[in-house]
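Working notes, beginning with the structure itself.
The values are calculated or read from the model by the stated rules, or taken from the named source; none is laboratory data. Remember, it's a predicted structure, so these values are computed and weren't measured experimentally. Here the Cβ is made from the backbone with ideal geometry for all residues, glycine too, and neighbour counts use every protein chain on show.
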Amino acid sequence: MRSSRAPLAALLVASGGFVGLRAADPPAAAPAKVSYYKDIRPVFAQHCNGCHQPAKPLGGFVMSGYADLFKPGERDKPGVVAGKPAASYLVDQITTHAGKAEMPKGRDPLLPAQVKLIADWIAQGAADDTPASAKTAVVDAAHPPKYAAPPVVTALAFDPKGEYLAVSGYHEVLLYSTKDYALAARLVGISERINAVAFSPNGERLAAAGGSPGRFGEVQIWDHKKENLLISAPVTFDTLYGVSWSPDGRAVAFGCADNTVRALDPATGRQTLQMGTHSDWVLATVFSRDGEHLVSVGRDMSMKLTEVPTQRFVDNVTSITPGALKGGLMAVDRRPATEQKVQKVPADTPGATPKVYDELIVAGSDGKPRLYKMHREVKREIGDDANKVREYEPMPGRISGLAFNADGKFFAAASSLDGKGEVRVYLTEKGTKVGCEKVTGPAYAVAFAPDGKTVASAGFDGKVWLHDAATGKLVKEFVAVPAGVK
């Protein structure tokens with residue numbers, strides 16, 4: 001009896017291969033090589049370094065430096081054990097269990113892909129592939145910055161009581177006592193650049209905005225009297241600008257290089273506002289007197305108004321007609337209220353209740369200070385600049401620093417052009433001006449002392465100048481470098 005099944009050889013000939021048979025699956029490919037420098041370090045910078053850095057080592061664990069990852073924290077468990085993800089406490093802390101992860105504390109957990117990336121890096125030996133050119137010396141409170149030259153000063157601020165002057169440095173804010181302008185504290189953090197500083201309305205906190213270019217932005221909130229970093233909030237992938245406090249001290253606003261203006265809660269670091277209608281970097285911010293609105297200026301040649309409770313863009317305060325402004329806006333300040341200036345009811349909003357309006361001084365690349373009303377009083381017309389109150393005599397170069405005195409009768413401005421700088425004090429109502437003498441280089445920052453008698457300014461050469469606001473005479477100057485540091 002013949003079999004109904006064709007011989008195997010016949011099947012092979014007919015089909016050119018095996019029929020019904022399957023070759024063994026190839027072995028699974030090993031995970032791609034994970035780079036600490038390119039893959040892991042950016043995740044830590046965005047999600048972990050805010051609470052795990054030398055100035056704020058939560059749980060006794062630091063993640064801002066490679067060597068620190070292998071050290072145990074307060075629970076005496078090593079964060080990373082090379083080649084052993086299961087034995088690495090860091091992996092356990094960032095892994096979601098029952099829908100929750102221990103870290104990042106108080107924030108959304110890392111994405112599963114990010115957790116896997118970290119675990120794969122550890123499994124592959126947790127090697128450090130940081131290029132030699134990118135390795136820098138450790139900078140923290142125990143190893144403060146050392147200066148080969150005075151730092152370029154980009155930010156200054158007096159506290160409301162006039163006890164301190166905050167000066168931006170490299171990786172730190174330098175705090176000087178106004179009694180003798182001796183160094184009182186060095187507030188060292190992880191941000192290489194400090195672009196803006198501002199004291200809280202009650203003078204108990206200091207906010208700093210900066211970051212490391214192309215890596216991360218950071219807002220720092222300091223208890224400066226105790227030299228204690230309370231909040232380190234990483235935001236975006238580039239440096240931050242123009243930090244300001246709300247009048248009640250419950251919000252801190254800042255500008256970003258991703259074209260957004262944002263605000264956070266200074267007690268928790270949680271973001272509370274984001275507005276994205278700018279089309280270029282946002283460089284400065286200021287709140288309205290009642291805290292209901294936030295004004296922001298940027299490289300897109302506009303000053304924009306945002307409603308704080310709703311995060312809604314309201315209006316362009318300046319004209320948006322091409323050519324009306326000759327360059328980006330870099331600085332803004334709100335005029336302190338000394339007179340009750342009543343806002344008219346806009347023609348297109350009958351029945352609206354008139355209220356006291358705020359005024360703003362703004363300037364930038366064209367060197368011309370301008371005074372604006374914050375809120376519109378008339379219906380917008382194409383090409384109008386109806387909110388503008390007046391213009392002032394322009395300064396040489398670009399203006400990057402503006403500040404009103406305590407009663408709003410004067411404002412100071414700092415400018416730079418071709419290696420030179422100028423600092424002026426303007427009378428707000430009349431526009432008359434006083435020039436500040438012996439400014440030796442480009443000036444980037446300016447601040448009024450609370451009593452209105454002294455103007456502080458600084459810039460490229462690292463000198464801080466203190467001028468008499470009424471006469472422009474130089475009262476004192478010092479270099480913004482800690483004594484004995486070279």
Every residue from segment 258-273 that is outside any loop (DSSP other than H, G, I, E, B) and surrounded by 14 or more Cβ atoms within 10 Å (Cβ to Cβ) = Val261, Arg262, Ala263, Leu264, Thr272, Leu273
Within segment 153-170, can you find the residues that are assigned to a loop (DSSP other than H, G, I, E, B), on the phi < 0 side of the Ramachandran plot and surrounded by fewer than 24 Cβ atoms within 10 Å (Cβ to Cβ)?
-> Thr154, Asp159, Pro160, Lys161, Glu163, Tyr170
Filter segment 202-229 down to residues that are surrounded by fewer than 16 Cβ atoms within 10 Å (Cβ to Cβ) and at negative phi, then give me how many there are.
-> 6
Pairs, please: C-beta under 9 Å, at least 6 apart or cross-chain, first residue on the phi < 0 side of the Ramachandran plot and in segment 20-43, second of a type in the set (A, V, I, L, M) and at pLDDT below 85?
-> Tyr37/Ala134
Number of the exception - Leu466 against (1) within 24 Å of Ala184 (Cα to Cα); (2) exposed (fewer than 15 other Cβ atoms within 10 Å of the Cβ) = (2)
Name the single residue, out of those in segment 386-434 being out of contact with any Gly (no Cβ under 9 Å at 6 or more places or on another chain) and on the phi > 0 side of the Ramachandran plot, that is surrounded by the fewest Cβ atoms within 10 Å (Cβ to Cβ).
-> Gly431
Just wondering, is there one or more residues in segment 172-191 that are within 20 Å of the chain's Cα centre (by Cα), of a type in the set (S, T, N, Q), in the same structural domain as Arg289 (by TED's automatic domain parsing) and modelled with pLDDT of 90 or more?
-> yes
Would you be able to tell me the number of residues in segment 190-221 that are among the β-branched types (Val, Ile, Thr) and over 18 Å from Leu283 (Cβ atoms)?
-> 2
Can you tell me how many residues in segment 42-92 are assigned to a helix (DSSP H, G or I), polar (S, T, N, Q) and touching a helix residue (DSSP H, G or I) at 6+ places or on another chain (Cβ under 9 Å)?
-> 0
Pick from segment 438-452, criterion touching a Ser or Thr at 6+ places or on another chain (Cβ under 9 Å) and over 17 Å from Tyr164 (Cβ atoms), ranking: modelled with the lowest pLDDT | Gly441
From the list Thr310, Thr285, pick out the single residue that is at pLDDT 95 or above, polar (S, T, N, Q) and assigned to a loop (DSSP other than H, G, I, E, B).
-> Thr310
Among the residues of segment 109-125, is there at least one that is crowded, with 19+ Cβ neighbours inside 10 Å, among the aromatic types (Phe, Trp, Tyr) and either part of a loop (DSSP other than H, G, I, E, B) or touching a Phe, Trp or Tyr at 6+ places or on another chain (Cβ under 8 Å) (or both)?
-> yes
For Ser416, the lone unmet condition from (1) outside any loop (DSSP other than H, G, I, E, B); (2) in contact (Cβ under 8 Å) with a residue 40 or more places away in the chain; (3) farther than 23 Å from Thr285 by Cβ is (3)
May I ask you to verify whether Asp461 is under 22 Å from Asp159 (Cα atoms) and in a loop (DSSP other than H, G, I, E, B)?
-> no
So Thr239 fits all but one of (1) crowded, with 21+ Cβ neighbours inside 10 Å; (2) touching a residue at least 60 places away in the same chain (Cβ under 8 Å); (3) not aromatic (Phe, Trp, Tyr); what number is the exception?
-> (2)
Counted residues, segment 185-200 - those being surrounded by 19 or more Cβ atoms within 10 Å (Cβ to Cβ), in contact with an Asp or Glu (Cβ under 9 Å, 6 or more places away or on another chain) and in a strand (DSSP E or B) = 5
